[in-house]
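Chemist: Once you've had a glance at the structure underneath, I'll fire off some questions.
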Amino acid sequence: MEDHEILLKFQHPASRNLAFNQLVRKYQQKVYWHVRKMVIDHDDADDLTQDVFVKVWKHLENFRQDAQLFTWIYRIATNECLSFLQSKRRKFFLPLNDVGSELVAKLEADPAIAGDAIELKLQRAILRLPDKQRLVFNLRYYDEMPYEQMAEVTGTSVGALKASYHHAVRKIEDYVTNADIPSYSSDEVD
Amino acid sequence: MKPSFRLDQHPRRWPQPLSSPPAGYFEQLPTRVMAQVAAAPTRRPLLPAWLWQMPAAVRTGLASTVLLGTFAASLWLNSAPTGPAAQPVTLANVPQEQLLNYLTNEAHLTLLDLAELPAQNLASTQQYLRPSATELTEALDAQPAEETTIL
C-alpha cells in the first residue's frame, strides 16, 4: 500500500487500525534495524521500535506531509535512540566511554560477529564514535541514504553531514589501522 | 609499517553484523504494536486536517488575516461608547415631555408615585400636564373617596 493511501485511510476511524497495521508492516524492519544499530541489544531495540510506532500513531494525524512519511518516521526513531542513550548515561551516571564499553561488550557477545577480527575492529571503531556521528555514519554507510534525506532526518545541514561523515570515516580507519589496543577508550565528545 | 585500513576497500556487511531477531519477530511485532496503540488514543489536532493540507503560504496568509481581524474587532469594540458612561448624556438629550410620557404610559407608575410628584415640584405638574380646572374637578370626582384624601 502506498503512503498516501495509508494516510488517507488513517483519516477515517473505520479504516484507521487497518491503515496503521499496514504502516507498521511496511516500515517495521527498517525502523528496527535503524534502532538496533544504535543500541545493539535486541531487547532495547524491541522496546524502542514499539515506542516509535506508538508515537507515530499518536502524531500521525498532525503529519503535515511536507516530508516523506518514512523520513518522518526515521526522524522519530532517531530521536528515540538518542534520548535513550542519553537517558542511560544520566540514569546510571555513566560517562560516554562506559556506555560505549557496554555496547562493545554486547556486540562482542553477538555470535554474528564471532571469528571475524577485522569486522570486530570495525564495529568497535564505529561504537567509539559519538552518538550523533555514529548515527550519521550508519545512515550513510549502511543505509546509503542521500545526504538531503539525512538532513531531513537529523535536522542538520547537508554540508555539516558531509563533514561529519568524512571525519567519522577517518576516525574509523585510524582506529582499525592501529587497533591492537585491547581495552576500550574514548576520547570523543558529543 | 602496518598497512592502512581503507573503509572503501572493506567488504560491507549489511545489515550491520548483528544477530537476527528471534524467529517470527516481525510477524508478531504489528500485533504487539496494535495492542499498545489501542490503549493510546491519537492526539487530536489543534486544527482540522484540511488546514494542514493547504500550502504554507496560504496558511500564513490565513493566520495573518485572522490576527488582523481580531485586532480590528477588539479595537472597534473598545472604541464604541459603553453604556454607563454614555447614559447621562443620552438622558439629558431626551425632551422632558417624552420622558414624562414614557413614565406615565410605559413605566406602570402608581397613583402614589404621581401623588408624590407635585409635593416635590408643583410647577412640573402644571408645566407638563397643563390641566384645566374642569379636568381637575372631573378627575377628582372620578377617584374613590379613600384615594382622593391623599391629594
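The values are calculated or read from the model by the stated rules, or taken from the named source; none is laboratory data. In this text, all values refer to a predicted model and were calculated from it rather than measured experimentally. Virtual Cβ from ideal backbone geometry, glycine too; neighbours counted across all protein chains shown.
Chemist: So, A:HIS12, is that one more than 9 Å from chain B (Cβ to nearest Cβ), more than 30 Å from A:ALA112 (Cβ to Cβ) and surrounded by fewer than 20 Cβ atoms within 10 Å (Cβ to Cβ) or not?
Modeler: yes
Chemist: Working only within segment A:29-83, note down all residues that are part of a helix (DSSP H, G or I), aliphatic (A, V, I, L, M), more than 10 Å from every other protein chain (Cβ to nearest Cβ) and farther than 18 Å from A:LYS132 by Cα.
Modeler: A:LEU69
Chemist: What's the number of the only condition in (1) within 11 Å of another protein chain (Cβ to nearest Cβ); (2) closer than 14 Å to B:LEU18 by Cβ that A:ARG124 fails to meet?
Modeler: Only one criterion in (1) within 11 Å of another protein chain (Cβ to nearest Cβ); (2) closer than 14 Å to B:LEU18 by Cβ is unmet by A:ARG124, namely (1).
Chemist: Could you please tell me which pairs satisfy a Cβ distance under 6 Å, a separation of 6+ or placement on different chains, a first residue in segment A:56-80 that is within 16 Å of A:LEU23 (Cα to Cα), and a second residue that is β-branched (Val, Ile, Thr) and part of a loop (DSSP other than H, G, I, E, B)?
Modeler: Taking only residues 6 or more apart or on different chains, the pairs are A:LYS58/B:THR42; A:GLU61/B:THR42.
Chemist: Quick check on segment A:145-157. Is at least one of its residues more than 16 Å from the chain's Cα centre (by Cα) and modelled with pLDDT under 85?
Modeler: No, the conditions are met nowhere in segment A:145-157.
Chemist: Among residues belonging to segment A:164-180 that are part of a loop (DSSP other than H, G, I, E, B) and either acidic (Asp, Glu) or free of Cβ contacts under 8 Å to residues at least 12 places away in the same chain (or both), point out the one that is surrounded by the most Cβ atoms within 10 Å (Cβ to Cβ).
Modeler: A:ASN178
Chemist: Still on this model: When you look at A:ALA125, is it surrounded by fewer than 20 Cβ atoms within 10 Å (Cβ to Cβ) and small (Gly, Ala, Ser), yes or no? Spell out how you get there, then give the answer.
Modeler: Numbers: surrounded by fewer than 20 Cβ atoms within 10 Å (Cβ to Cβ): no; small (Gly, Ala, Ser): yes.
So A:ALA125 does not fit the description; no.
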